[in-house]
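What follows is a set of notes on a single structure, which appears directly below.
The values are calculated or read from the model by the stated rules, or taken from the named source; none is laboratory data. Computed from a prediction, not measured in an experiment: that's the story for all the values here. Every residue, glycine as well, gets a Cβ built from its backbone with ideal geometry; the counts of neighbours run over all protein chains shown.
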Amino acid sequence: MTTGWDVDRAATVLRRAEDDRADRGPVTDEWPELDLETAYRVQDEVLRRKVAEGRRVTGVKLGLTSRAKQERMGIDSPLTAWLTDDMPLDGPLAVGSLIHPRVEPEIVFVLGERLSGPDVTAARAMSAVARVGAGLEVIDSRYTDFKFTLPDVVADNASSARYVTGGTWHEAGAFDLAAEECALEIDGETVDTATGAAVQGHPAEALALAANTLSRRGIALEPGWIVLTGGLTDAVFARPGNTISARFANLGTVALRCD
């Protein structure tokens with residue numbers, strides 16, 4: 001491999017970019033040998049350091065769950081990343097606390113039981129879900145202009161930053177989540193729409209893929225974990241003064257004010 005680059009250095013560089021709120025070029029520009037397996041090792045090393053500092057794993061998120069995004073990146077399944085207890089928002093988003101945040105609507109699961117692959121089906125995945133709700137994820141790539149390769153974004157924990165969930169939760173089987181309609185709004189104006197089918201055909205398919213993918217690394221999804229199943233629409237930039245909302249047909253509305 002290229003002299004001077006390894007998992008430890010990549011984790012250090014990405015963690016520094018996050019802490020300093022300073023974007024940079026893709027790691028693969030300097031470490032072209034970085035592959036997907038190694039990128040997940042970088043992701044896990046960043047998580048290990050955060051846990052050592054006192055943070056707690058609270059769930060997982062999926063990225064690149066839409067077919068269109070997968071085709072653009074040349075892959076055929078989503079990627080997984082970690083959620084920690086410093087990511088939920090309980091008030092406005094301080095835009096200046098991040099680099100260049102964007103926001104996207106999500107269908108959110110809370111697990112009621114342990115879910116471990118391999119061979120998890122969508123039906124089995126849904127049976128492990130305790131409740132479902134509406135969410136907005138704030139993504140914030142550490143790479144300039146959100147330009148990266150697949151290993152880059154995996155190493156960067158799928159551009160994770162913050163998220164917020166709505167105040168209402170529902171039983172997992174209460175609605176047809178594939179048909180669940182969502183409108184993304186900025187300051188009350190609809191800018192995009194989608195249904196739950198935008199996420200792998202059904203959010204449960206994304207959850208099953210997460211369980212099966214993580215099982216190859218010896219990881220199971222645990223009871224109580226939050227699962228962000230993937231963006232239903234393209235993400236929009238968060239700008240000070242904006243209120244960004246996701247209005248779901250049945251799951252309710254979740255809103256985020258940007259300061």
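For first residues located in region 15-41 and modelled with pLDDT under 95, partners that are part of a helix (DSSP H, G or I) and not hydroxyl-bearing (Ser, Thr, Tyr) and lie 6+ apart or on another chain with Cβ distances below 7 Å form the pairs Leu36/Leu150; Leu36/Pro151; Leu36/Val154. Within the option set Asp187, Asp192, Asp176, being out of contact with any His (no Cβ under 8 Å at 6 or more places or on another chain), within 19 Å of Leu64 (Cα to Cα) and among the acidic types (Asp, Glu) holds for one residue only, Asp192.
Figure legend. Inter-residue proximity from region 186-198: first residues in a strand (DSSP E or B), second residues modelled with pLDDT of 95 or more and polar (S, T, N, Q), beta-carbon distance below 7 Å, spacing 6+ or different chains. Indicated pairs: Ile186/Asn242.
Can you find a residue that is under 24 Å from His100 (Cβ atoms) and among the aromatic types (Phe, Trp, Tyr) anywhere in region 173-180?
First, the residues of region 173-180 that are under 24 Å from His100 (Cβ atoms): none.
Within region 173-180, not a single residue is under 24 Å from His100 (Cβ atoms) and among the aromatic types (Phe, Trp, Tyr).
The set of residues from region 101-156 being among the β-branched types (Val, Ile, Thr), over 30 Å from Gly173 (Cβ atoms), at pLDDT 95 or above and surrounded by fewer than 23 Cβ atoms within 10 Å (Cβ to Cβ) comprises just one member, Thr144. Sub-6 Å Cβ pairs linking a first residue in region 128-157 that is more than 20 Å from Leu79 (Cα to Cα) to a second residue that is among the hydroxyl-bearing types (Ser, Thr, Tyr), at least 6 apart or interchain, are Gly133/Thr165, ordered by first then second residue. Among the residues of this structure, Phe175 does not count as one that is surrounded by 19 or more Cβ atoms within 10 Å (Cβ to Cβ), at pLDDT below 95 and in a loop (DSSP other than H, G, I, E, B). For region 126-149, filtered to residues that are in a strand (DSSP E or B) and hydrophobic (A, V, I, L, M, F, W, C), the residue that is farthest from Gly230 (Cα to Cα) is Ala130. Just one residue in the set Val46, Val27 is within 28 Å of Ile226 (Cα to Cα) and touching a Leu at 6+ places or on another chain (Cβ under 8 Å); that residue is Val46.
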